[in-house]
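Here is the structure we will look at, set down as structure tokens.
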Amino acid sequence: MPSMSRRNFGWLAAAMVVAAGIWLSSTPTWAQPAAKRGGTLTYVVFPEPPLLTSAVHTAGPTAQVSPKMFDGLVTYDFDFNLKPQLALSWQVGDDGKSIRFNLRPGVKWHDGKDFTSADVAYSLLKVWKVAHGRGRATFANVTDVLTPDANTAILQLSSPAPYIMYALASMESQIVPKHIYDGTDPQTNAANNAPIGTGPFKFVEWKKGSHIILERNPDYWDQPKPYLDRIIFRIIPDAGGRAAALEAKEADLVGMSIVPLNDVKRLEALPYLAVETRGYEYLAIVSYVGFNLEREPFKDVRVRQAFAHAIDRSLVNRLIWFGYGKPATGPIHHGLVKSYSSDVPAYPLDIAKAEQLLDAAGYPRRANGVRFKITHDYLPFGEQFVRLGEYLKQALGRIGVEVEIRNQDYATWAKRVYADRDFDLITFFANNASDPVIGVQRFYWSKNFQPGVAFSNGAKYLSPEMDRLLQIVQAEPDEALRKAAFADMQKLAMTDLPYIPLTHLDMVTLYNKRVRNHTLTADGIHANFADVYLQD
């Protein structure tokens, strides 16, 4: 076996078996039971996706629907070992500054055109680095993509970025057809809502407010897959209605904890329903309070610290998320053990301390007991965020802050926060992804303040020291040095508090037991569903 690179990529190689000079060429090794062809899977999603292409929008509902129509370069098993998809093999250069992908030949786009390396190059340079909420940070070190032939794509890097190999699943780095997107604005291209992909299912219909229909791609490269004839994504706004649809066998699968969590145990007890908590490893989801640092109250860190002391994170985890998670200590999910640190400033519930901080910041209580009034725009992604908004209104009211809760659909929320910047306080959750450079850096890196791009640095947090630490973790191959820089990054994040991390979440999938193979990889229900079948 060839020796390892002179630079220490051991932290990555152990997980992915990717080392400089070693080619990987393998096929998925998970056991496949005998699958049955045919049938329609009814999958409930909410809120309604803003569009259907993850390459240009990182909204959670989009990330559930879109990968069924697009494959990624690779996928990942539960231990984050890489499995080939559109890339058959890959090689990291000796100096870590190049990654060569040998692409699968004979793959067709849904319109019959050939998939080639030009599609990979275009997607990375013109879409992921421009229009993707996380892509600007993830692929910051990529300077070019060489395409010596139709089946070879070579990433050229200014410095090593081994975490890139964790960012290549379809839901995260989705390859779009150059012949459809080239010469257009990728964020407004009509194909975003009627996708042309390479995946196992083809787009058929999107009836806004009702459903999205996908049908089997008969020319899919991985025959005889897919097994399903059709997937219908039903959009059910009411949380109780989503649970009722499962109970009445009108829906087969509901993920991302969008049924009432206090109802999960009852539903699980029904003989035809079951619960799955695996398949969210690739997301590592954290919920946050976010501030608009351009607004006067929140320019003062003492105000942000006061808010942190006013929030009972244990209560939030217990009463809002029903124990499906842990109170957050910092911005990085505790499951990302190679980067997580608990050695950070803490903000225990302390109303008296919060009051003192607001007094010191120059916001005393007025005669009516109110210090100032703010708006709160919660992410419209299920009943948990409604209840969280109600809790925060009460909690902040205790320290003299009057909160107006604004209710809106997702498209309005995203525009208000990331385009118009018309907000004071938001609550949301977001993927940490498989490495914090992919999922966390986007919120704290000054260069990722991208008006109009959802789930970017919406707080407009600008810190040269944070930028310096993030640049270290982007390029440092030594595991110990990288973890030390991440520890410093988390200390600074919890000192400056542009966001208050609330909960490190554990998500829940409820499904009818007739649905088989829905969770085979680390991205679970966000995978392509080529292996899913129905066993009646």
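The values are calculated or read from the model by the stated rules, or taken from the named source; none is laboratory data. It should be emphasised that the depicted structure is a prediction, and the values quoted were computed from it without experimental measurement. Here Cβ is always computed from backbone atoms with ideal geometry, including for glycine, and neighbour counts include all displayed protein chains. Protein only, heavy atoms only, side chains kept; ligands, DNA and RNA dropped before computing areas. Shrake-Rupley method; radii C 1.70, N 1.55, O 1.52, S 1.80 Å.
Just for helices (runs of 4 or more DSSP H) wholly inside segment 76-192: which have at least 3 residues that are open to solvent by 10 Å² or more (accessible area, probe 1.4 Å) and more than 20 Å from Thr62 (Cα to Cα)? Quick ask: steps written out before the conclusion?
Numbers: elements: 117-122, 135-138, 178-181.
In segment 76-192, the matching helices (runs of 4 or more DSSP H) lie at 117-122.
I want to confirm something. Restricting to segment 287-329 and keeping residues that are of a type in the set (A, V, I, L, M, F, W, C) and in contact with a Ser or Thr (Cβ under 7 Å, 6 or more places away or on another chain), which single residue is nearest to Asn432 (Cα to Cα)?
Let us first name the residues in segment 287-329 that are of a type in the set (A, V, I, L, M, F, W, C), namely 289, 291, 293, 298, 301, 303, 306-308, 310-311, 315-316, 319-322, 328.
Still in the list and also in contact with a Ser or Thr (Cβ under 7 Å, 6 or more places away or on another chain): 289, 316, 321, 328.
Details: Val289: 15, Val316: 20, Trp321: 18, Ala328: 13 Å.
Among those residues, the one meeting the criterion is Ala328.
Could you identify the single residue in Ala14, Ala63 that is assigned to a helix (DSSP H, G or I), open to solvent by 60 Å² or more (accessible area, probe 1.4 Å), modelled with pLDDT under 95 and among the aliphatic types (A, V, I, L, M)? I'd like the intermediate steps shown before the answer.
Numbers: Ala63 fails: open to solvent by 60 Å² or more (accessible area, probe 1.4 Å).
Answer to the selection: Ala14.
Which one is modelled with the lowest pLDDT among residues in segment 317-364 that are in contact with a His (Cβ under 7 Å, 6 or more places away or on another chain) and among the hydroxyl-bearing types (Ser, Thr, Tyr)?
Tyr340
Among the residues of segment 505-517 satisfying the criterion of being open to solvent by 10 Å² or more (accessible area, probe 1.4 Å) and in a loop (DSSP other than H, G, I, E, B), which is nearest to Thr75 (Cα to Cα)?
So, considering only residues that are open to solvent by 10 Å² or more (accessible area, probe 1.4 Å) and in a loop (DSSP other than H, G, I, E, B), the one nearest to Thr75 (Cα to Cα) is Asn517.
Only one of Val437, Val473, Val417 is among the β-branched types (Val, Ile, Thr) and under 18 Å from Lys129 (Cβ atoms). Can you tell me which? Please lay out each step first, then the result.
Numbers: Val473 fails: under 18 Å from Lys129 (Cβ atoms); Val417 fails: under 18 Å from Lys129 (Cβ atoms).
On inspection, the qualifying residue turns out to be Val437.
Provide a single number: the residues in segment 372-392 that are buried (at least 16 other Cβ atoms within 10 Å of the Cβ), without any contact (Cβ under 8 Å) to a residue 60 or more places away in the chain and within 29 Å of Asp359 (Cα to Cα).
5
Which count do you get for residues in segment 478-504 that are surrounded by 19 or more Cβ atoms within 10 Å (Cβ to Cβ) and assigned to a loop (DSSP other than H, G, I, E, B)?
Final tally of qualifying residues: 2.
Out of the residues in segment 205-242 meeting the condition of being over 21 Å from Asp409 (Cβ atoms) and of a type in the set (A, V, I, L, M), tell me which one is surrounded by the most Cβ atoms within 10 Å (Cβ to Cβ).
Among those that are over 21 Å from Asp409 (Cβ atoms) and of a type in the set (A, V, I, L, M), it is Leu214.
Just a yes or no: is a residue in segment 420-427 without any contact (Cβ under 8 Å) to a residue 24 or more places away in the chain, closer than 25 Å to Gln187 by Cβ and surrounded by fewer than 20 Cβ atoms within 10 Å (Cβ to Cβ)? Talk me through it step by step, then tell me what you get.
So in segment 420-427, the residues without any contact (Cβ under 8 Å) to a residue 24 or more places away in the chain come out as 420, 422.
Imposing the further condition that a residue be closer than 25 Å to Gln187 by Cβ reduces the set to 420, 422.
Now narrow it down to the ones that are surrounded by fewer than 20 Cβ atoms within 10 Å (Cβ to Cβ): 420, 422.
Scanning segment 420-427 turns up at least one residue that is without any contact (Cβ under 8 Å) to a residue 24 or more places away in the chain, closer than 25 Å to Gln187 by Cβ and surrounded by fewer than 20 Cβ atoms within 10 Å (Cβ to Cβ).
Can you name the residue in segment 317-333 that is under 7 Å from Thr503 (Cα atoms) and small (Gly, Ala, Ser) and, of all such residues, is surrounded by the most Cβ atoms within 10 Å (Cβ to Cβ)?
We begin by selecting, within segment 317-333, every residue under 7 Å from Thr503 (Cα atoms); these are 317, 325-328.
If we keep only those that are small (Gly, Ala, Ser) too, we end up with 325, 328.
Numbers: Gly325: 24, Ala328: 22.
For segment 317-333, the residue satisfying everything is Gly325.
Would segment 222-237 turn up any residue that is at pLDDT below 95 and touching a Phe, Trp or Tyr at 6+ places or on another chain (Cβ under 9 Å)?
So far as segment 222-237 goes, yes, one or more of its residues are at pLDDT below 95 and touching a Phe, Trp or Tyr at 6+ places or on another chain (Cβ under 9 Å).
Given the criterion surrounded by fewer than 24 Cβ atoms within 10 Å (Cβ to Cβ), at pLDDT 95 or above and assigned to a loop (DSSP other than H, G, I, E, B), identify the matching residue among Glu294, Glu281.
On the way: Glu281 fails: at pLDDT 95 or above.
Answer to the check: Glu294.
Evaluate the following for Ile311: is it out of contact with any strand residue (DSSP E or B) (no Cβ under 6 Å at 6 or more places or on another chain), within 14 Å of Pro501 (Cβ to Cβ) and in contact (Cβ under 8 Å) with a residue 40 or more places away in the chain?
On the way: out of contact with any strand residue (DSSP E or B) (no Cβ under 6 Å at 6 or more places or on another chain): yes; within 14 Å of Pro501 (Cβ to Cβ): yes; in contact (Cβ under 8 Å) with a residue 40 or more places away in the chain: yes.
The answer is yes for Ile311.
Between a residue in segment 330-347 that is assigned to a loop (DSSP other than H, G, I, E, B) and any residue that is crowded, with 21+ Cβ neighbours inside 10 Å and of a type in the set (Asp, Glu), which pairs come within a Cβ distance under 9 Å, given they are 6 or more apart or on different chains?
Qualifying pairs under 9 Å: Leu336/Asp435; Lys338/Asp435; Ser339/Asp435.
Taking the conditions exactly as written (in a helix (DSSP H, G or I) and modelled with pLDDT of 95 or more), does Leu267 satisfy them or not?
On the way: in a helix (DSSP H, G or I): yes; modelled with pLDDT of 95 or more: yes.
Yes.
Take residues that are closer than 18 Å to Met494 by Cβ and under 20 Å from the mean Cα position of the chain (by Cα) and tell me which of the helices (runs of 4 or more DSSP H) falling wholly in segment 373-471 contain 2 or more.
Values: elements: 383-397, 410-414, 436-439, 441-444.
Per the criteria, 436-439, 441-444.
So which residues in segment 277-323 are of a type in the set (Phe, Trp, Tyr) and touching a Pro at 6+ places or on another chain (Cβ under 8 Å), if there are any at all? Spell out how you get there, then give the answer.
As a first pass, look at segment 277-323 and keep what is of a type in the set (Phe, Trp, Tyr): 280, 282, 288, 291, 298, 307, 321-322.
Listed by number, the residues that qualify are Tyr288, Phe291.
How many residues, within segment 249-285, are on the phi > 0 side of the Ramachandran plot and among the small types (Gly, Ala, Ser)?
Quick first cut of segment 249-285, residues on the phi > 0 side of the Ramachandran plot only: 249, 256-257, 279, 284.
Then keep just the ones that are among the small types (Gly, Ala, Ser); that gives 257, 279, 284.
The qualifying residues number 3.
Search segment 128-149 for residues that are within 13 Å of Ile438 (Cβ to Cβ) and pair each with any residue that is in a strand (DSSP E or B) and open to solvent by 10 Å² or more (accessible area, probe 1.4 Å) when their beta-carbon atoms are under 7 Å apart and the residues are at least 6 apart or on different chains.
Qualifying pairs under 7 Å: Asn141/Leu157.
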